[in-house]
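*Asks:* Attaching a single structure in structure tokens format; questions to follow.
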Amino acid sequence: MKKVGLTTTIPVEVLITAKMIPIDLNNIFVTSNRAKEYIENAELEGFPRNLCSWIKGLFSVALENDINQIIGVYEGDCSNTGALLEVWRMKGHRVVPFAFPKGRNIEDMRREITSLMNAFNVTLEEVERVKRELHFIRKRVQYLDELTFRHNRATGFENHLWQVCCSDFNGDYRKFSEDLEEMITIIEGRQPREDEIRLGYIGVPPIFSNIYDTIEDCGARVVYNEVQRAFSMADFDIEDSIHHMYLNFTYPYGIEFRLEEIKRQIELRDLDGIIHYVQAFCYKGIEDIVVKHKLDIPILTIEGDLPGSLDARTRLRIESFIDMLKDRRF
Ligand code: SF4
């Protein structure tokens, strides 16, 4: 089976139907012990120093792991992806473009998914069958989310990891499902956590390796991971069409659309505060202005640049934020 790299969540059902192995390049990059080397190698190829680390990491991961077919999201994700796709093409990679249409129009979404299905030679009926098969797994990921915010047994990192990995189901959805069931059994056996500060994490997934542990060391826990939860597509009904699912996926559709969902989750999960993560040199950092204006809850904005552990200053800011929330709550 051939590997296909992804720059973000796309209708993965199409690739699974085509018997391809989906590989989310972000997950490979951020979990690699060579992550910094990937960035340096991209800079040696000419990528600017003042460019988001994820873009440089994705570029090198595809190049250095023989992933020569890539689905690149050129609309609705990152303003840098278009140029990244050009460089991959120049290097001889097969690049299949995909867009989350700006207008959130069902006809445009149909056209995009049809074009993706044509590129991989699969039919809508076959894709819908796989969508139904994945639905069960997505619902189990949703249960793991409930084990986090309702039953208070799962950690913030577990919540992050299992949801974010729904972009590619770790390249093998059957194995993913088995591993998930094992994890759920372990989590169900734990005692519920009590007297914690409940945090939401919004923004792109963190480049820091130890942010969730640090937060828990300070007596708080992330019980809502915004973008990761969106990746799990767990809210959808089994009868929803694949077009409907990806049209209502919040991540690609701008901050106003995302904020409606974030506000619902703040209430549902009884959050004390929000950590808004922004990536250095990312245009999404500007959205922080809207986030702070529109959300009526304490917000700490933190910025990450390179992969690895939290720097001392950010760690201190997180500790102080949680202390302040404790003073408010207890
Ligand atoms: S963090 Fe921002 S700039 Fe970097 S890849 Fe993601 S959307 Fe693009």
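*Asks:* Contact list please: Cβ distance under 8 Å, first residue in the range 283-305 and more than 17 Å from GLU256 (Cα to Cα), second residue modelled with pLDDT under 95 and more than 13 Å from the ligand (Cβ to nearest atom), pairs at least six apart or on different chains.
*Replies:* PRO298/ARG328
*Asks:* Hey, could you check the range 240-297 for residues that are part of a helix (DSSP H, G or I) and of a type in the set (Val, Ile, Thr) and say which is surrounded by the most Cβ atoms within 10 Å (Cβ to Cβ)?
*Replies:* ILE262
*Asks:* Looking at the structure I just gave you, is ASP172 surrounded by fewer than 19 Cβ atoms within 10 Å (Cβ to Cβ) and in contact (Cβ under 8 Å) with a residue 60 or more places away in the chain?
*Replies:* yes
*Asks:* Please work out if LEU310 is surrounded by fewer than 16 Cβ atoms within 10 Å (Cβ to Cβ) and assigned to a loop (DSSP other than H, G, I, E, B).
*Replies:* No, not satisfied.
*Asks:* For the range 45-141, please list each of the helices (runs of 4 or more DSSP H) lying entirely inside it that holds at least 2 residues being within 16 Å of the ligand (Cβ to nearest atom) and in contact (Cβ under 8 Å) with a residue 24 or more places away in the chain.
*Replies:* 53-64, 81-90
*Asks:* Can I ask one more? Just the residues that are over 21 Å from HIS160 (Cβ atoms) and touching a helix residue (DSSP H, G or I) at 6+ places or on another chain (Cβ under 7 Å), please, taken from the range 203-257.
*Replies:* ILE238, ILE242, HIS243, TYR246, LEU247
*Asks:* Got a sec? Which of ARG221, ARG193 is surrounded by fewer than 18 Cβ atoms within 10 Å (Cβ to Cβ) and of a type in the set (Lys, Arg)?
*Replies:* On inspection, the qualifying residue turns out to be ARG193.
*Asks:* Regarding the range 234-252, can at least one residue be identified that is under 14 Å from the mean Cα position of the chain (by Cα) and of a type in the set (Gly, Ala, Ser)?
*Replies:* yes
*Asks:* Taking the range 175-200, which residues are in a helix (DSSP H, G or I) and not hydroxyl-bearing (Ser, Thr, Tyr)?
*Replies:* Of everything in the range 175-200, those that are in a helix (DSSP H, G or I) and not hydroxyl-bearing (Ser, Thr, Tyr) turn out to be LYS175, PHE176, GLU178, ASP179, LEU180, GLU181, GLU182, MET183, ILE184, ILE186, ILE187, GLU188.
The values are calculated or read from the model by the stated rules, or taken from the named source; none is laboratory data. Predicted model only: the values in this text are computed from it and were never measured. Cβ: placed from backbone, ideal geometry, glycine included. Neighbour counts: every protein chain shown.
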